[in-house]
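A.B. asks: Pasting in a structure now, in structure tokens, and then I'll have a few things to ask.
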Amino acid sequence: MTNADRTWIFGDKTRVAVDTIFSRFTNSTPGCALAIYRGGEIVYANGYGMSNLEHNVPITPDSIFHIASISKQFTAMCIALLQGDGLLDVDDPVQKYVPELPTYDYPITVRHLIHHVSGIRDQWVLLHLAGWRSDDLITEADCFDLIRRQQELNFPPNQQYMYSNSGYTLLAMIVKAVSGLSLREFAQQRIFGPLGMTRTHFHDDHTEIVPGRTQAYEPRSGGGYHISIPPFDVVGTTSLQTTVADFAKWNHNFDAPTICSPEILKMVQTPGVFSNGEPMDYAWGLTIDTWRGQNRVGHDGADHGYRSSYFRLPDLDFGITVFANLSTITPSQLAERVAAVVLTDVIQEEAISPNESQTAAMPLHVEASAIAGIYTAASTGEELPQLLDLRVRDGEIEMAIWDTAVALPMRNDGTFDFRDGSGFLWATELEDDGNAAEVVFRFGQDDPIIFHRIETDQVQGAPLQSFVGDYYSPELGTKISLDISSDQTRLIWKQRKLEDREIFRISETMFGTRSLGAAQHLEFEIDADSRISSFRFTTGRTSRLRYERQA
């Protein structure tokens, strides 16, 4: 690419086109803050929608947002600075700095935490399984108590990538152990203060008043919104609070480093390498990939009602942040749409080229009632099969994504889609009774996933009654109960403080729960007396957690 190709202009016409992208955010809705960066300057910044609906406060470029996992790159930089100071070595075992962590069958290094290859189970999943609700106060001590109870890893370190928030909570603890300062204090001294980021801090006290901070929201069933604020006293993996205007100073440090050496700056943008020599696409709290033919560095974030996205296209001297205060907003898509408008003359056209082996049939027009049901996608390698539980609510298909139920309205072409256009579902094959036998789900530009309907009440195996009982997880310190549904077709997971969860059978000894983003499996184990003795629970970011049956 020539220097001329790097040139992009932001004029009035571009500004109008960018503002149009955010036109659905008004003085009666939550919304977004946007900033576009070049050469250490803010080329354009604006706010759309409301920061606080109760007090009619609009969003501006100076509104403070909780930016969730974008925080990780700052935590990683703190570790890099300590490495540069000669105070730690990222290839040291984690237990050197956090001696309370158990010793596993395989050594875990600080570097493994940075690249999400430690195999340590994810703290948010563990907390949920242990009975924490999303509105419970969560402290660093709560997280570490569960992390240190884990006696097994998801996999041997550096063998595969599995995002683990636990790793970055441990990194925050390491910063304190090495420097004698909290992560908040260290980041202020070494990053935010020197860069002049006066409206940025690691929020380690959920009761602290922060002038100018946005309120975050989730949609309320039947219309309107309810408040959704993270009740965290946890930093490292999350909890950075900042503005899109302040973030310009951090973005500029990647081009003209003032808080670290060029060598450190290069290091934090270098992806890790697996034990087999294959490169990762994750560096030090930063994802490294390409977009429209351009090298890209960035990260997204999501906690409760807050959503955030940041990326740089270093070869074009282009940076962008979109911070949002509504859970149904997808800032990464908005940021890419803005970038496509601003850089239209210097980037490649979007190319959609799905894997030919994954190309799916065209959609069949069916009613929502005909597509409702339970589906499974074939497993690949050692992966467990993905599960899909579709139901009808208010005439629309409802899909479980992680722990959230998402409605998919039907479009004229026969597909059912997320309202933001990020995902599509359609039927491709029908049974004799007119119900869908096969459906296809596609998220973004990912390859389509083909799911086949299963009739859970027809799966052969031991009577459901033989699975009923109390089960205890030593690694969680938690007891759950399994009972039978009123229609005698499913098991019901019962746990104090949490809503009952339906468990359906997908094979003789494997059961699953409704979720796509994190397919949840229970693999039951049978003892020498042919009695159900335990089960292993697997979900996204946590594998084979053992529950023992109580007498």
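A.B. asks: With both bridge residues required to lie in the chain, what share of the DSSP beta bridges run antiparallel, to the nearest 5%? Could the numbers behind the result be given before it?
C.D. replies: Working: 107 of 111 bridges.
Here the antiparallel bridges make up roughly 95 percent for the chain.
A.B. asks: OK, next. Calculate, in nm to one decimal, what Ala256 and Asn295 gain on full extension: separation in residues at 0.36 nm each, minus their alpha carbon distance.
C.D. replies: Once the chain is fully extended between Ala256 and Asn295, it gains 12.2 nm.
A.B. asks: What spacing in nm lies between the two simple spin-label points modelled at Glu502 and Glu152, each 7 Å away from Cα in the Cβ direction?
C.D. replies: Here the modelled spin labels are 2.9 nm apart.
A.B. asks: May I pose another question? To the nearest 0.05, how large is the calculated FRET efficiency for Ser486 and Asp62 if R₀ is 51 Å and r is the Cβ-Cβ distance? Could the numbers behind the result be given before it?
C.D. replies: Working: r = 54 Å, r/R0 = 1.06.
The value I calculate is 0.40.
A.B. asks: Report the gain in length on full extension from Arg391 to Gln333: 0.36 nm times residue separation, minus Cα-Cα distance, nm rounded to one decimal.
C.D. replies: The Arg391-Gln333 span can extend by a further 18.2 nm.
A.B. asks: Further question on the same structure: If you take the charge dipole of the chain about its Cα centre, with +1 on Lys and Arg Cβ and -1 on Asp and Glu Cβ, which of Val268, Gln150, Thr509 is farthest toward its positive end?
C.D. replies: Looking along the dipole axis, the top candidate is Val268.
A.B. asks: A further question on this structure: For Lys13 and Thr29 in the same chain, what is the full-extension length gain: residue separation times 0.36 nm, less their Cα-Cα distance, in nm?
C.D. replies: Numbers: separation 16, 0.36 × 16 = 5.76 nm, distance 2.57 nm.
Full extension of this stretch gives 3.2 nm more.
A.B. asks: If packing is taken as the average count of other Cβ atoms within 10 Å, what order do 266-275, 493-502, 106-115 fall into, highest mean first?
C.D. replies: On the way: 266-275: 15.4, 493-502: 13.9, 106-115: 21.6.
Highest-to-lowest ranking by the protection proxy: 106-115, 266-275, 493-502.
A.B. asks: What ranking of Asp483, Asp135, Asp389, Asp345 emerges when the number of other C-beta atoms within 10 Å of each C-beta is taken as an exposure proxy, fewest first? Present the calculation step by step, with values, prior to reporting the outcome.
C.D. replies: Details: Asp483 17, Asp135 12, Asp389 20, Asp345 9.
So the residues, fewest neighbours to most, are Asp345, Asp135, Asp483, Asp389.
A.B. asks: Oh, and also: At R0 = 41 Å, how high is the FRET efficiency between Ala551 and Ala407 if r is their beta carbon distance? Nearest 0.05 is fine. Don't jump to the answer; show the numbers that get you there.
C.D. replies: Details: r = 44 Å, r/R0 = 1.07.
Taking R0 as 41 Å, the efficiency between Ala551 and Ala407 is 0.40.
A.B. asks: Roughly how many nanometres apart are two label points built 7 Å out from the Cα toward the Cβ at Asn435 and His452?
C.D. replies: 1.7
A.B. asks: Moving on. With the cut-off at 1.5 for a/c, could you classify the chain from its C-alpha gyration tensor as rounded, prolate or oblate? Present the calculation step by step, with values, prior to reporting the outcome.
C.D. replies: Numbers: a/c = 1.72, a/b = 1.25, b/c = 1.37.
Oblate, since a/c reaches 1.5 and b/c is not below a/b.
A.B. asks: Sorted from fewest to most neighbouring beta carbons within 10 Å, what does the list Thr376, Thr290 look like?
C.D. replies: So the ranking, lowest neighbour count to highest, is Thr290, Thr376.
Computed from the coordinates by the stated procedures, all read-outs in this text should not be read as laboratory data. Keep in mind that this is a model prediction, so the values were computed, not measured. Positions of Cβ are generated from backbone atoms using ideal geometry, with glycine treated the same way; all protein chains shown enter the neighbour counts.
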